[in-house]
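K.L.:
Before anything else, here's the structure in question.
The values are calculated or read from the model by the stated rules, or taken from the named source; none is laboratory data. Computed from a predicted structure; not experimentally measured. Ideal geometry is used to build each Cβ from the backbone, glycine not excepted, and the neighbour counts take in all protein chains shown.
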């Protein structure tokens, strides 16, 4: 986790440099960045408080010796996650300054062609009446955010398998930096919900009308969409700001989380798959993404996972060995730097 923290600091420096090159790094932007960092720290604190009952049983599950020895690594993970998310917002909000949005028309056309001449959001809204949408909205906001911010912390707190720790740090950076920054720059796009606002016309007028009705109207996701467009229109940078459709970081993070769940326990495979399916459905239903954004991210993350496992010589090993609580793991995982990433 020390390496994770150092790489996060390097990523922050690159984010600030990119912003300085392509935007006026004035006092207002610096203040926004500071507020964003503090806001993410507040989110992390709130998440830890909410998850305290689960955290309280960790020492019993992993063993007191491992837990006490590993507290420093947990600290690196917590602070690294906060700084990383702030840096990501900083850089993501700069994407249209580097590469103006240009890829929406071909993405929308391909998305419609791929689904037999029907926009995927239409299919999603047909299914919505039979689904508990209000609860699914919480999956898209709260549960996904918990996974996005907290997965690295969970790994630092509970995982003894150094190969798996290294594997998921690679997947973490692949999801956020490769998908969320590099490919987002190459295929700079806003998604269906902002398509007409950006390009004019009524290509997605039906989606706009559908989202103006309950249960979406007045929801927290609806408010977030207005917030993001206002931040983009004002060239600002605030908590979670920045618009980018292709590829989907939501699906990249969800896929990474599901893979980790499956590696830790076969009983978590089904919940992990359902989590990915819910995020894919909601990303299309809300208009944040074209369906192809999510498809690409899922396939990409599965590919990275498979390649890293092969490079680690882990073919055929679904569940990596974990030392049982109360048993020394020193021969295989030297203390105290058990989760060195």
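K.L.:
What is the one condition in (1) at negative phi; (2) at pLDDT 90 or above that residue 117 does not satisfy?
P.N.:
For residue 117, the failing item is (1).
K.L.:
Then there's this: Of everything in the stretch 183-226 that's free of Cβ contacts under 8 Å to residues at least 12 places away in the same chain and within 25 Å of the chain's Cα centre (by Cα), which residue is farthest from residue 287 (Cα to Cα)?
P.N.:
218
K.L.:
Against the condition surrounded by 15 or more Cβ atoms within 10 Å (Cβ to Cβ) and part of a loop (DSSP other than H, G, I, E, B), how does residue 190 come out, does it pass?
P.N.:
Yes; evaluated as a whole, the condition is true for this residue.
K.L.:
Does residue 261 satisfy being touching a helix residue (DSSP H, G or I) at 6+ places or on another chain (Cβ under 7 Å), within 23 Å of residue 149 (Cα to Cα) and surrounded by fewer than 23 Cβ atoms within 10 Å (Cβ to Cβ)?
P.N.:
yes
K.L.:
Can you find, within the stretch 265-283, the residue that is surrounded by the fewest Cβ atoms within 10 Å (Cβ to Cβ) among those that are touching a residue at least 24 places away in the same chain (Cβ under 8 Å) and under 16 Å from the mean Cα position of the chain (by Cα)?
P.N.:
Residue satisfying both the conditions and the ranking: 278.
K.L.:
Would you confirm, using the coordinates I've provided, whether residue 232 is within 21 Å of the chain's Cα centre (by Cα) and touching a residue at least 12 places away in the same chain (Cβ under 8 Å)?
P.N.:
Judged against the criteria, residue 232 is a match.
K.L.:
Sticking with this one: Could you list, ordered by first residue, the pairs with Cβ atoms under 8 Å in which the first is in the stretch 3-18 and closer than 18 Å to residue 97 by Cα and the second is at pLDDT below 85 and surrounded by fewer than 18 Cβ atoms within 10 Å (Cβ to Cβ), at least 6 apart or interchain?
P.N.:
Correct list of pairs: 16/25.
K.L.:
Being surrounded by fewer than 17 Cβ atoms within 10 Å (Cβ to Cβ), under 24 Å from residue 175 (Cβ atoms), under 21 Å from the mean Cα position of the chain (by Cα) and modelled with pLDDT of 60 or more is the requirement here; does residue 3 meet it?
P.N.:
Judged against the criteria, residue 3 is a match.
K.L.:
Let me ask another. Just give me the residues in the stretch 97-122 being touching a residue at least 40 places away in the same chain (Cβ under 8 Å), in a helix (DSSP H, G or I) and either more than 22 Å from residue 244 (Cβ to Cβ) or under 24 Å from the mean Cα position of the chain (by Cα) (or both), in sequence order.
P.N.:
Here is the first cut: in the stretch 97-122, the residues touching a residue at least 40 places away in the same chain (Cβ under 8 Å) are 97-105, 107-108, 110-111, 114-115, 119-122.
Filter again for in a helix (DSSP H, G or I), leaving 97-98, 104-105, 107-108, 110-111, 114, 120-122.
Residues satisfying the conditions are 97, 98, 104, 107, 108, 111, 120, 121, 122.
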